[in-house]
Amino acid sequence: MSESPDPSACLAPSRFVDSDAPAIRAYAEARAGEGTDIERACRLYYAVRDDLRYDPYDIDYSPEGFSASATLARGRGFCVTKAAVLAASARAAGIPARLGYADVRNHLATPRLIERMGTDLFLFHGYVDLWLDGRWVKATPAFNIEMCVKFGVLPLEFDGRADSIFHPFDGKGQRHMEYVNDRGVYADVPYDEILAEFRRVYPGFNIDAASTAC
């Protein structure tokens, strides 16, 4: 678990949260709009949640593939890379942002995904902490609304004031996400740590290829 970065340390671009990339800066300017930081952060949250399709079946495990700018260019990503896009967009808009991770048990994961993973435990599930009105507020932009509708999962809303993490139940009242281990917060994506854990727990993943289907 990392130390909690100070808000002032969570505005600068980093290796994976490349908020200085031209495409990220343009995206943040177009999506954030005017108003308070809370209003702008909410617009960025919904933009990243729904503009980028959640796709755990085609992950680029290269360092470049984990960057916010590359994920934005692809138009899809998984929880780790979509969180990087939201963090980078927020920083580009002048809102301090850091990355948080937890291991979660997904009780509604598809049989196909569980078979490839060998478990329903998802390591390093990514979310974003945004510094709003003097405190950190959690936002989780992973599941786009079309995917939520398709699988009957309640889409996560975000108002900039209350933490937005995966609801414990889906639209039918069935258990959905269960947080089982907090891995802390980071100023940048802990790329080497994530890949080491993925190699250890998910041997069926072709982690060392530039791109793989999980």
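At a glance:
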quantity	calculated
Separation between Cα centres of segment 2-42 and segment 57-107, rounded to whole Å	12
Cα gyration tensor shape for segment 1-125, rounded if a/c is under 1.5, else prolate or oblate	prolate
Stretch gain in nm, segment Phe151-Glu39, where the contour uses 0.36 nm per residue and the Cα spacing is subtracted	37.4 nm
Amide hydrogen neighbours beyond the local backbone of Phe122, cut-off 5 Å, H modeled	Val104, Arg105, Asn106
Rounded to 10°, Cα long-axis angle of helix 37-51 versus longest principal axis of the chain	40
Leu113/Asp163 FRET efficiency (R0 30 Å; Cβ-Cβ; nearest 0.05)	0.70
Net dipole in debye of segment 27-101 [+1 Lys, Arg Cβ; -1 Asp, Glu Cβ; about Cα centre; nearest 20]	120
Angle between the chain longest axis and helix 22-32 axis [Cα atoms, degrees, rounded to 10]	80
As computed over the chain, the Cα convex hull volume per residue (Å³)	107
Order of Ser14, Ser62 under a 10 Å beta carbon neighbour criterion, fewest first	Ser62, Ser14
Neighbour-count order for His176, His125, fewest beta carbons within 10 angstrom listed first	His176, His125
Computed [θ] at 222 nm, deg cm²/dmol, the chain (DSSP H ≥ 4; -39,500 (n - 2.57); rounded to nearest 500)	-10000 deg cm²/dmol
Residue-count net charge about Asp58 - beta-carbon cut-off 13 Å; Lys, Arg +1, Asp, Glu -1	+2
Long-range amide H partners of Asp55 with built H, under 5 Å	Gly77, Phe78
Contact order relative to length of segment 9-212, as percent, for alpha carbon pairs under 8 angstrom and 6 or more apart	26
Leading residue at positive end of dipole, the chain (Cβ point charges), from Ala88, Gly134, Val104	Val104
Net dipole in debye of the chain [+1 Lys, Arg Cβ; -1 Asp, Glu Cβ; about Cα centre; nearest 20]	420
Spin-label pair Tyr57/Glu178, simplified geometry with 7 Å Cα→Cβ offset, distance in nm	2.7
Gain on full stretching of the segment that runs from Tyr46 to Asp133 - 0.36 nm per residue minus C-alpha separation	29.4 nm
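Throughout, read-outs are computed from the coordinates displayed, never taken from laboratory work. Not measured: the values here are computed from a predicted model. Here Cβ is always computed from backbone atoms with ideal geometry, including for glycine, and neighbour counts include all displayed protein chains.
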